[in-house]
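Reading through the structure tokens given below for one structure.
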Amino acid sequence: MVQAKIEIILSGKKITANRPEPILSDIEVVPYKKRMDPMDAVDALIDGYSVLIVDYFSSGLAVLSELKKHLQTKFPDQSYKGQREFRSAYQKLSQKLLIHVTNNKLNVRKAPVIGWLEILYPNLNEFLLPFTQIQGLNSSWQWYEKGIYIPVLDQKIHPFFDTYFPTRFEHIKLFDKWLDRYKGEKKSAFDIGTGSGILSLQLLKHGFKKIYATDTNPNAIIGASQTQGFNQYDSKIELLLGDLFAQSNSKTDLIVFNPPWLPASHNTQGIDNAMYYEKDLFPRFFEEAKKHSRINGRVVILFSNLAQITGQEKNHPIEKELAEGGRFEKELLLEKKVRSASKNTKRNQNWRHSEMVQLWVLKQKVNDNK
């Protein structure tokens, strides 16, 4: 595995990775130790104080556990909407539970070693970070070191910090199945929102000669540049940092888009942009897709009915485009039922029995090609 880098040079421009914002200024904190009642720390958080873990890493876990118990009594609704409100409240309060970082190590006992601290904060000797951000860095480092096996690629990927990667593969298998039957041109393709680069690697596997892989997240671009497969095919893959088509002038035979599956109910940033879409995302995508698709090209969108079955959105954005947009028509729709949630999943995911992943194949309307 290649050692991760915090920045790369792309088209003559330096791209620097996003990272959790370090707290460098002196702030007033309430110290917390293991012998104290964790509810005292929760009360302090609710009252607006910052709480600093000062002894053991496990002390932070105890406070967060107590915070979850407290909020569960405030947000008992187990519907999708109710769980989302619970997570929002938890995120807001937990951000004020802090931990001290010194010389790229956590300044508490029995703490995990997190390689991202050295990579993402190379010139900072001392700062504070929210405990939940440390948890995210730790989980991400474990995924990065161990890698994630992708069945359709028969290889592991090592996702860079704050880069989206799939934890289930139904939609990826659906795309691979479609690529097996694809008979169109394979001169070029766009992978919009490449994330950890899996769809681009599938396109390479199926013989595409040139791929433009775009993403708004610099971490995705940095991670992709270090991914096995990408760095072996530099001449075939062009990484582009930017929104949607990243202001490229290219037209391609195929445009692949695996957008977020849920509408945003809050301001999104970082990896949240891979999970929640703003209202204007799909209209903007379809407008640009028409400009970047060759006349006989195809647009493939990997999506889900998740927003509809959880009551987050009545209108299906692809169906809305086909009914009202006047730019594309449906050529094919493939659907695959998702597997049941793991027995180890703590969240109530009763909607999974109705969820279907979808692969939409669109082509330009005939009257637009004249």
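The values are calculated or read from the model by the stated rules, or taken from the named source; none is laboratory data. This is a predicted model, so every value here is computed, not measured. Glycine also receives a Cβ, built like all others from the backbone with ideal geometry; neighbour counts cover every protein chain displayed.
The set of residues in the stretch 173-190 that are surrounded by 16 or more Cβ atoms within 10 Å (Cβ to Cβ) and in a helix (DSSP H, G or I) comprises 174, 175, 176, 178, 179.
Can you confirm whether residue 137 is in a strand (DSSP E or B), within 21 Å of residue 23 (Cα to Cα) and not assigned by TED's automatic domain parsing to the domain that holds residue 306? Judged against the criteria, residue 137 is not a match. Scanning the stretch 100-135 for residues that are more than 15 Å from residue 55 (Cα to Cα) and of a type in the set (Phe, Trp, Tyr), we see that the one that is surrounded by the fewest Cβ atoms within 10 Å (Cβ to Cβ) is 127. Note on the stretch 51-65: among residues that are over 14 Å from residue 91 (Cα atoms) and not hydrophobic (A, V, I, L, M, F, W, C), the one that is farthest from the chain's Cα centre (by Cα) is 55. One residue stands out among those in the stretch 232-285 that are among the acidic types (Asp, Glu) and assigned to a loop (DSSP other than H, G, I, E, B): the one that is modelled with the highest pLDDT, which is 243.
Scanning the stretch 157-172 for residues that are without any contact (Cβ under 8 Å) to a residue 60 or more places away in the chain, within 30 Å of residue 21 (Cα to Cα) and surrounded by 13 or more Cβ atoms within 10 Å (Cβ to Cβ) yields a total of 2. Residue 199 passes every criterion in (1) modelled with pLDDT of 95 or more; (2) outside any helix (DSSP H, G or I) apart from (2).
Select from the stretch 140-162 the residues that are closer than 29 Å to residue 333 by Cβ and part of a loop (DSSP other than H, G, I, E, B) and list them in ascending order. Those that are closer than 29 Å to residue 333 by Cβ and part of a loop (DSSP other than H, G, I, E, B): 151, 152, 153, 154. Taking the criterion of being assigned to a loop (DSSP other than H, G, I, E, B) and either without any contact (Cβ under 8 Å) to a residue 40 or more places away in the chain or hydroxyl-bearing (Ser, Thr, Tyr) (or both), the residues of the stretch 112-134 that qualify are 113, 114, 121, 123, 125. Within the bounds of the stretch 174-196, is there any residue that is touching a Gly at 6+ places or on another chain (Cβ under 9 Å) and closer than 19 Å to residue 276 by Cβ? Yes, that holds for at least one residue. Based on this model, can you work out whether residue 297 counts as in a strand (DSSP E or B), modelled with pLDDT of 90 or more, out of contact with any helix residue (DSSP H, G or I) (no Cβ under 7 Å at 6 or more places or on another chain) and among the small types (Gly, Ala, Ser)? Against the criterion (in a strand (DSSP E or B), modelled with pLDDT of 90 or more, out of contact with any helix residue (DSSP H, G or I) (no Cβ under 7 Å at 6 or more places or on another chain) and among the small types (Gly, Ala, Ser)), residue 297 qualifies. Of all residue pairs spaced 6 or more apart or on separate chains, those with beta-carbon atoms under 7 Å, a first member in the stretch 302-316 that is in the same structural domain as residue 361 (by TED's automatic domain parsing) and at pLDDT below 90 and a second member that is exposed (fewer than 15 other Cβ atoms within 10 Å of the Cβ) and among the hydroxyl-bearing types (Ser, Thr, Tyr) are 309/354. Within the stretch 173-194, the set of residues being in contact (Cβ under 8 Å) with a residue 40 or more places away in the chain and closer than 20 Å to residue 337 by Cα comprises 173, 174, 175, 177, 178. Of the residues making up the stretch 166-218, those that are of a type in the set (Asp, Glu) and closer than 17 Å to residue 261 by Cα are 170, 191, 215.
Might you check whether a residue that is small (Gly, Ala, Ser) and touching a Lys or Arg at 6+ places or on another chain (Cβ under 8 Å) occurs anywhere in the stretch 29-42? Within the stretch 29-42, not a single residue is small (Gly, Ala, Ser) and touching a Lys or Arg at 6+ places or on another chain (Cβ under 8 Å).
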